[in-house]
Amino acid sequence: MTETRSNPTESSRELISRDHAKVGGAIYRYTDIAFERGEGAYLYDFEGEKYLDFVAGIATMNVGHCHPKVVEAICGQARTLIHGASHVGYMRPYVDLLDAVLSVAPGELADGKGIFMNSGSEAVETGIKLARYVTNRSMIIAFTDAFHGRSMGALAMTSSDELYRRRLTPLLGGVHHVPYPYCYRCPLKHDSPETCGLACLNLVEKALQTVVPPEELAGILVEPIAGEGGYIVPPDGFLQGLRAICDRHGALLITDEVQTGLGRTGKMFAVEHWGVVPDVTCLAKPLGGGLPLGAMLAKCELVDAWPPAAQGSTFGGNPVACRAGLATLRIVQDEDLMSHAVQVGDYIQDRFREVQKELPIIGDVRGKGLMVAVELVNSDGSPARDVIKSLIKEMGARGLVLTKCGASSIRIAPPLIITREQADFGVDVITEVLRRHQW
Ligand SMILES: Cc1ncc(COP(=O)(O)O)c(C=O)c1O
């Protein structure tokens with residue numbers, strides 16, 4: 001293997017102390033592990049210790065680390081053209097990836113068009129800008145428990161944690177949040193998912209009668225499954241209901257599929273689980289195969305209404321990132337990784353439901369495909385906020401890389417190539433640690 005370390009004798013501990021001396025403390029680490037290299041579903045530290053990656057660089061490395069075909073695509077493109085800038089000329093990788101992604105998009109979006117940016121936040125902001133421009137309306141309805149990014153525009157829609165916006169307000173105006181149907185902790189205290197979903201839809205309608213004049217509504221922005229907010233799967237009927245409300249009021253339905261898109265939930269786009277076609281959708285994370293890339297896709301007539309130079313980015317659609325993304329997408333398709341994600345994801349959920357019978361610290365198990373949350377609770381049922389981070393660190397020390405989502409959920413989003421045996425290892429480590437901390 002090629003030596004990539006600047007100082008090959010540096011230990012993990014030494015790197016971590018150098019990092020603490022130079023890197024801003026706002027960057028929080030869920031584990032105490034220094035990553036030296038990755039291969040498939042595993043990460044390795046500087047001492048060669050192996051860790052199973054149960055979170056894939058935050059739902060990003062869908063085909064695992066350093067997949068040979070992705071590495072080959074990156075190296076091949078790097079030898080040909082590293083950067084050209086989409087405002088300066090035309091580049092084949094840009095069109096090839098956009099074409100490939102659009103061809104698997106649902107409904108009319110497949111005949112749509114797109115624009116590349118560099119990140120999820122930018123993809124969302126591009127969608128919001130487009131919605132405001134084409135509707136000539138300013139207001140956006142978004143949801144509680146939402147994460148759409150941390151840049152100042154996207155942050156106005158993000159609502160999963162007050163910490164992200166503390167001392168940063170006022171943000172972009174015209175954004176109104178309504179409750180997301182988090183059925184395990186129903187915001188409206190309903191006891192069945194069906195009525196909860198409908199009640200949340202009623203609150204959207206109510207907002208349109210009270211604080212958001214319908215003729216000023218540019219769009220409704222929603223994650224088909226709330227990601228950072230806790231891997232919350234909405235009840236059937238919710239997304240369809242939002243589609244109908246948008247249609248009724250001439251507003252756009254904008255879906256944020258940054259975390260759910262491109263195979264993780266068992267469909268290319270999570271909206272397909274509910275047969276909904278948005279007007280605009282946003283992608284990032286796995287889109288660039290591990291390199292920074294975001295995209296906004298929209299129906300053709302919407303994108304065409306935006307005049308030249310109204311949106312852009314120096315690096316957006318970088319050819320190396322596009323080639324890495326294209327190689328990744330092909331592997332997901334050729335190896336049928338979406339069916340695999342459903343099989344292994346269901347298996348993981350089944351195993352945790354068994355464990356839940358003996359460990360009441362597990363309040364809820366939910367998800368779709370390889371987007372699984374295990375929500376930890378205190379004995380009074382409240383979120384186990386105080387212990388979640390230390391438990392995740394302890395799991396890391398036992399060889400399992402994880403993060404949290406929501407207030408107190410273990411976020412499981414491994415590479416889609418994960419085997420059943422690897423999944424067993426992950427579930428066993430989590431179970432062992434939870435058993436020691438059971439109240
Ligand atoms: C659903 C969703 N939207 C947007 C973002 C922001 O993406 P980025 O961190 O690439 O800006 C994220 C990141 O976690 C996300 O999960």
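The values are calculated or read from the model by the stated rules, or taken from the named source; none is laboratory data. Please read all numbers here as calculations on a predicted model, not as lab measurements. Positions of Cβ are backbone-derived with ideal geometry, glycine not excepted, and every protein chain shown enters the neighbour counts. Accessible surface areas use protein heavy atoms only, side chains included; no ligands, DNA or RNA. Shrake-Rupley method; radii C 1.70, N 1.55, O 1.52, S 1.80 Å.
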Exercise for review: With a length cut of 24 Å (Cα positions projected on each helix's long axis) and a Kyte-Doolittle mean of at least -0.5, go through the chain and give me the DSSP H helices that pass.
Suggested key: 193-210
Check your understanding: Is any residue of the stretch 84-115 close enough, with backbone N under 17 Å, to a label point placed 7 angstrom from the Cα of Cys300 along the Cα-Cβ axis, and if so, which?
Key -> 98-115
Revision key, fill the gap. Rounded to the nearest 5, the percent of DSSP beta bridges in the stretch 70-334 running antiparallel is 40 percent
**Study point:** Helical contribution to [θ] at 222 nm, DSSP H n ≥ 4, -39,500 (n - 2.57), averaged over the chain, rounded to 500
**Key:** -12000 deg cm²/dmol
Review point. Is the chain best put as rounded, prolate or oblate by its Cα gyration tensor, with a ≥ b ≥ c the root eigenvalues, rounded for a/c under 1.5, and otherwise prolate when a/b is larger than b/c, oblate when not?
Key: oblate
Review point. Which net charge results when you count Lys and Arg as +1 and Asp and Glu as -1 among the other residues whose beta-carbon is under 12 Å from that of Glu257?
Key: 0
Study note, to complete from the structure: Residue separation between Trp439 and Glu335 times 0.36 nm, minus their alpha-carbon distance, gives in nm 33.2 nm
Check your understanding: Which far-off residues, 5 or more places away or on another chain, put their amide H under 5 Å from the one on Phe46, with H placed in the peptide plane?
Key -> Ser12, Ala34, Glu36
**Study point:** Vicinal HN-Hα couplings computed from phi for the stretch 255-263 (Karplus, 6.51 cos²θ - 1.76 cosθ + 1.60; Hz; Gly/Pro x)
**Key:** 9, 9, 10, 4, 9, 8, x, 6, x
**Study point:** Cα→Cβ-extended label distance, 7 Å offset, between Ala26 and Arg92, nm
**Key:** 4.1 nm
Exercise for review: Note down the relative contact order for the stretch 1-134 as a percent, whole number, built from C-alpha pairs under 8 angstrom at least six residues apart.
Suggested key: 12 percent
Check your understanding: Given the pairs Lys189/Lys267; Lys129/Lys299; Lys267/Lys404; Lys285/Lys368; Lys69/Lys285, which are separated by over 20 angstrom at their Cα positions?
Key -> Lys189/Lys267; Lys267/Lys404
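Between the DSSP loop rule and a limit of at most 15 other Cβ atoms within 10 Å, which trypsin sites (Lys or Arg not before Pro) in the stretch 222-269 are left?
Here no trypsin sites (Lys or Arg not before Pro) fit, given the DSSP loop and packing criteria.
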Review point. Taking the Cα centre of the chain as origin and charging only Cβ (+1 Lys, Arg; -1 Asp, Glu), how large is the dipole, in debye to the nearest 20?
Key: 820 debye
Practice item. Quick one: grab the alpha carbon gyration tensor of the stretch 19-178, order the square roots of its eigenvalues as a ≥ b ≥ c, and give me rounded if a/c is under 1.5, else prolate or oblate depending on whether a/b is larger than b/c. Key: oblate
Exercise for review: For Val387, put the label point 7 Å out on the Cα→Cβ axis and report which residues of the stretch 340-377 keep their amide N under 17 Å from it.
Suggested key: 355-365, 374-377
Point to revise | Apportionment of accessible area to carbon and sulfur, the stretch 70-334, percent (1.4 Å) | key: 54 percent
Point to revise | Rounded FRET efficiency, nearest 0.05, which uses the C-beta distance separating Ser379 from Leu172 and R0 of 41 Å | key: 0.50
Point to revise | Under Karplus coefficients 6.51, -1.76 and 1.60, residue-wise ³J(HN,Hα) of the stretch 179-190 in Hz, glycine/proline x | key: x, 7, x, 8, 5, 5, 10, 3, x, 10, 6, 7
**Study point:** Extension gain (nm, one decimal) between Asp111 and Ala199, 0.36 nm per residue minus Cα-Cα
**Key:** 28.3 nm
Point to revise | Whole-Hz ³J(HN,Hα) from phi, Karplus 6.51 cos²θ - 1.76 cosθ + 1.60, for the stretch 140-157, glycine and proline x | key: 10, 9, 10, 10, 5, 6, 8, 10, 10, x, 10, 5, 4, x, 4, 4, 5, 9
Check your understanding: Using a ≥ b ≥ c from the Cα gyration tensor of the stretch 100-227 (square roots of the eigenvalues), is it rounded, prolate or oblate, where a/c under 1.5 gives rounded and otherwise the larger of a/b and b/c decides, a/b for prolate?
Key -> rounded
**Study point:** Relative contact order (%) - the chain, alpha-carbon pairs under 8 angstrom, separation at least six
**Key:** 23 percent
Revision key, fill the gap. Full extension between Asp428 and Glu10 adds, at 0.36 nm per residue less the Cα distance, a length in nm of 147.3 nm
Practice item. Give me the accessible area per residue for the chain, probe 1.4 Å, as a whole number in Å². Key: 43 Å²
Exercise for review: Could you tell me which of His273, Pro235, Ala295 has its Cα farthest along the dipole of the stretch 70-334 towards the positive end, charges placed at Cβ (Lys, Arg +1; Asp, Glu -1), taken about the Cα centre?
Suggested key: Ala295
**Study point:** Dipole axis of the chain (+1 Lys, Arg; -1 Asp, Glu on Cβ), positive-most option in Ala384, Leu102, Ile418
**Key:** Ala384
Point to revise | Estimated dipole of the stretch 161-219 in Debye, rounded to 20 [Cβ of Lys and Arg +1, of Asp and Glu -1, Cα centre] | key: 320 debye
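Can you give the FRET efficiency for Leu163 and Glu216, using 1/(1 + (r/R0)^6), R0 = 35 Å, r = Cβ-Cβ distance, to the nearest 0.05? Before the final figure, lay out each step's value.
Numbers: r = 30 Å, r/R0 = 0.86.
With a Förster radius of 35 Å, E is 0.70.
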Revision key, fill the gap. Here FRET efficiency (C-beta to C-beta, Ser17 to Thr144, R₀ 41 Å, nearest 0.05) is 0.55
Exercise for review: Taking the Cβ of Ala321 as the centre, find all other residues whose Cβ is under 14 Å away and add up their charges (Lys, Arg: +1; Asp, Glu: -1).
Suggested key: +1
